[in-house]
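Step one of this worksheet: look at the structure below.
No lab work stands behind these numbers, since they all come straight from the coordinates. Given the structure is predicted, the values throughout are model-derived calculations rather than measurements. Here the Cβ positions follow ideal geometry from the backbone for every residue, glycine too, while neighbour counts run over all protein chains shown.
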């Protein structure tokens, strides 16, 4: 079972062994939402299905929501239905990837854990690593999968709400890590949300800092050293990850797990929910 990262050669072995496997291409472009589906149709790992951030991995206006913000989570029940329709079942190894530096596929990795499915891993290096390893590609839509018998299980990861964060803000038992680019964190620019800045007291680690020049995650020891330096003595168990809308925060959560620092909590509503909630403090600098 792969539960954090899987390499391109390891994925090739799973495919060749005809292991119970479901692969998802999560390519997306926040500034041009249709682009991800177009990229998928142009080239993807053979048999991969496309999972769109806004269509499949976020709640719709006419459905229940499990969080707020720009990309609210669907309910676990509705997402479990989608997983079953996509062919996920107990015992199936799921592999997720994108071509945007883990910005979007980690969302699906986390959501599967949230629904109780541990056997899910991110393809380290994304589609680029697959191509570099000589992996085959196919174009066009994939054949519709046979429905799986996915059954919702106890969540394997936790969430924090806006009320949770507001109540604990400033307490020693809460360490917020914001995954947005540093200029957005400082409030110098804000291309997406109505208020610039960050939650008071949050630490900043842009999610791109987890990757090396080759697009793969940095070695475990290096990640551990970098997070411990950021935490500066704070207990890793107190960490809650967030970003703009609960998407790019997940690579930090994954990186801490790869580093051996445990699996931590996600604030799905993130800055987009925080900054639009009346009465909550916002900081800059």
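Could you list 107, 224, 168 so that the one with the fewest beta carbons within 10 Å of its beta carbon is first and the one with the most is last? Display every interim value, and only then the final one.
Numbers: 107 30, 224 18, 168 15.
Starting with the residue having the fewest Cβ neighbours, the order is 168, 224, 107.
Using 5 Å bins from zero, what percent of all Cα-Cα pairs in segment 72-127 falls into each bin?
Percent of pairs per bin, in order: 4, 20, 29, 25, 16, 6, 0.
At R0 = 25 Å, how high is the FRET efficiency between residue 169 and residue 190 if r is their beta carbon distance? Nearest 0.05 is fine. If you can, show how the numbers build up before the last one.
Details: r = 21 Å, r/R0 = 0.83.
The computed FRET efficiency comes out at 0.75.
Can you compute the helix-only [θ] at 222 nm over the chain? Use -39500 (n - 2.57) per DSSP H run of at least 4 residues, normalise by all residues, nearest 500 deg cm²/dmol.
Value at 222 nm, helices only, nearest 500: -8000 deg cm²/dmol.
What is the fewest-to-most order of 154, 164, 209, 235 by other Cβ atoms lying within 10 Å of their Cβ?
Working: 154 6, 164 14, 209 17, 235 10.
Listed from fewest to most nearby Cβ atoms, that is 154, 235, 164, 209.
In segment 45-85, which residues have a backbone nitrogen under 19 Å from the label point lying 7 Å from residue 32's Cα in the Cα-to-Cβ direction?
Only 51-55 fall inside the zone, counting backbone N under 19 Å.
Report D for the chain in µm² per second (integer): Stokes-Einstein, Kirkwood Rh on Cα pairs, 37 °C, 0.692 mPa s.
Values: Rh = 19.1 Å.
Using the Kirkwood radius from Cα pairs, D works out to 172 µm²/s.
What percentages make up the Cα-Cα pair-distance distribution of segment 210-285 when the bins are 5 Å wide from 0?
3, 15, 21, 22, 18, 12, 6, 2, 0
From Cα pairs below 8 angstrom and at least 6 apart in sequence, can you work out the relative contact order of the chain, rounded to a whole percent?
Value for the chain: 21 percent.
Give me the one-decimal Kirkwood hydrodynamic radius in Å for segment 5-132, with the sum taken over alpha-carbon pairs.
Here the Kirkwood hydrodynamic radius works out to 14.8 Å.
Using Cα-Cα distances under 8 Å and only pairs 6 or more residues apart, what relative contact order does segment 162-274 have, in percent?
Details: 181 pairs, mean separation 33.3, N = 113.
Computed value for segment 162-274: 29 percent relative contact order.
In nm, to one decimal, how far is the residue 276 label point from the residue 151 one, both placed 7 Å along Cα→Cβ?
For residue 276 paired with residue 151, the spin-label model returns 3.8 nm.
Points 7 angstrom from Cα along the Cβ direction at residue 139 and residue 263: gap in nanometres?
3.9
Hey, could you get me the Stokes-Einstein D for segment 102-191, Kirkwood radius over alpha-carbon pairs, 20 °C and 1.002 mPa s, rounded to whole µm² s⁻¹?
123
For the chain, take the longest principal axis of its alpha carbons; what is the angle in degrees between that and the long axis of helix 220-231, to the nearest 10 within 0 to 90?
Helix 220-231 and the main axis of the chain meet at about 20 degrees.
For 56, 29, what's the fewest-to-most ordering of other Cβ within 10 Å of each Cβ?
Fewest-to-most Cβ neighbours within 10 Å comes out as 29, 56.
Mind listing P(r) for segment 174-237? All alpha-carbon pairs, 5 Å bins, whole percents.
Answer for segment 174-237: a P(r) of 4, 16, 22, 23, 16, 14, 6, 0 percent.
If you line up the Cα atoms of segment 157-285 on their principal axes, what length do they span on each, largest first, in Å?
41, 30, 24
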